[in-house]
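All remarks here apply to the structure that follows.
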Amino acid sequence: MIVIELAAVGLALMAAFIPIAPTAVERWFSTGFYPALQRSLTPLSELLPFAVLDVLAVGGCAALITVFIRTGRAVRQTRRIVPIVRALGALAATAAFVYLAFLVLWGFNYRRVPMTERLLVEPGAPPTLAVTDLGVEAAMQLNALHDDAHRVGWRKAPWEDESFRGAFAAAQHALSDGPPAAPGRLKRTLFGPYFRWTSVDGMINPFGLEVLANPDLLPFERPFIAAHEWSHLAGYADEAEASFVGWLACMRADVPARYSGWLFLYWQVNGEVDDAGRARLADALGAGPRRDIEAIVERLRRGQLPWLRTASWRVYDQYLKANRVEEGVRSYGAVVTLILRARFEPGWMPVRRASAAARAPGS
């Protein structure tokens, strides 16, 4: 038993610290093994009316409490420290197995070839004026789309809308020759209150490849949030890349989905510019989209616990950095750079590098 525990911890440490070439991860995992796994596991998770992560979390907490109780009893009976050492060894081995499962099921996607190396992207950060201009463009698009988007409405859930699923598949084909991901529904979860308190819109469960969502999301938020989380299911672990893919999917969809995509981009740019830039964006925004923005702000204010939100995002920042996302939560804003610096053909078709195409399976 001790040998197995030591082997698990050693293998986890090796997996964590031994570098693997991104091209190897891209070829063998992100566009090789992982898509087949995702297209099998997500539909299985979809058959369950509950979130797999909820079961794992409850089971994990129950197991942890059981270990603590048994260890405490053993210490009182033997008056020795050996049970504590054994318990710590078992917990370390369990953590190692969980980490290895995380990598194999999804986590290796953090180490794939970055989007900036798979697409033709101009180097460097975009000029401040260009960022503000993008926000103004988003405001103008929102103004133009608002009435039609609200008239058509968001009657279908994103995962039930075949045209939206098709738009997401088209966005994936524009970026990779690998098989497209299977979209998942936005599941309710026991973590719903936590999402509300910390202003988290959604996440994927890497152990069940399912999508979990904040229960308070407004209808016009859902298409982009769904596309963003589906992009994680498609193997785009980086937050900016997932937002980029999700935004491209919205741009290929109907008016309500496009409105959702531009609403996200306006919100994102608004957080990247200075006070003068925000004033310019606000001046460009019409009354209808302004009401929608105010509704989102009210949703966030009504639900969040500021102290928990701050602590949660600090933990997530460290999680991202531990998974080799050097910018941490600041990586969210990099989607603006991708949109502004990537080269596009008409119809928001990103131009891929020839070397990226050569790395695709079967090429």
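The values are calculated or read from the model by the stated rules, or taken from the named source; none is laboratory data. Nothing here was measured: the structure is a model prediction, and the numbers come from that model. Reconstructed Cβ throughout: ideal geometry from the backbone, glycine too, with neighbour counts over all protein chains shown.
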Self-check item: Answer residue from region 348-363, given it is out of contact with any helix residue (DSSP H, G or I) (no Cβ under 8 Å at 6 or more places or on another chain) and within 24 Å of residue 247 (Cβ to Cβ) and is modelled with the highest pLDDT among those
Solution: 351
Exercise. Evaluate the following for residue 135: is it in a loop (DSSP other than H, G, I, E, B), outside the structural domain of residue 15 (by TED's automatic domain parsing) and within 21 Å of residue 239 (Cβ to Cβ)?
Key: no
Quiz item: So which residues in region 111-128 are surrounded by fewer than 18 Cβ atoms within 10 Å (Cβ to Cβ) and either under 17 Å from the mean Cα position of the chain (by Cα) or part of a helix (DSSP H, G or I) (or both), if there are any at all?
Solution: 114, 117, 128
Quiz item: Could you give every pair whose Cβ atoms fall below 7 Å, whose first residue belongs to region 274-298 and is closer than 19 Å to residue 256 by Cβ and not assigned by TED's automatic domain parsing to the domain that holds residue 127, and whose second residue is part of a helix (DSSP H, G or I) and not basic (Lys, Arg), counting only separations of at least 6 or pairs across chains?
Solution: none
Exercise. Could you check residue 157 against (1) hydrophobic (A, V, I, L, M, F, W, C); (2) assigned by TED's automatic domain parsing to the domain that holds residue 287; (3) within 22 Å of residue 23 (Cα to Cα) and say which number it fails?
Key: (3)
Practice problem: Could you tell me whether residue 169 is part of a helix (DSSP H, G or I), modelled with pLDDT of 95 or more, touching a Pro at 6+ places or on another chain (Cβ under 8 Å) and aliphatic (A, V, I, L, M)? | Solution: yes
Quiz item: Among (1) surrounded by 23 or more Cβ atoms within 10 Å (Cβ to Cβ); (2) at pLDDT below 95; (3) at positive phi, where does residue 235 come up short?
Solution: (2)
Practice problem: Report yes if some residue within region 251-263 is loosely packed, with under 14 Cβ neighbours inside 10 Å and assigned by TED's automatic domain parsing to the domain that holds residue 229; otherwise report no. | Solution: no
Practice problem: Taking the options 87, 95, name whichever one is more than 30 Å from residue 178 (Cα to Cα) and either surrounded by fewer than 16 Cβ atoms within 10 Å (Cβ to Cβ) or touching an Asp or Glu at 6+ places or on another chain (Cβ under 9 Å) (or both). | Solution: 95
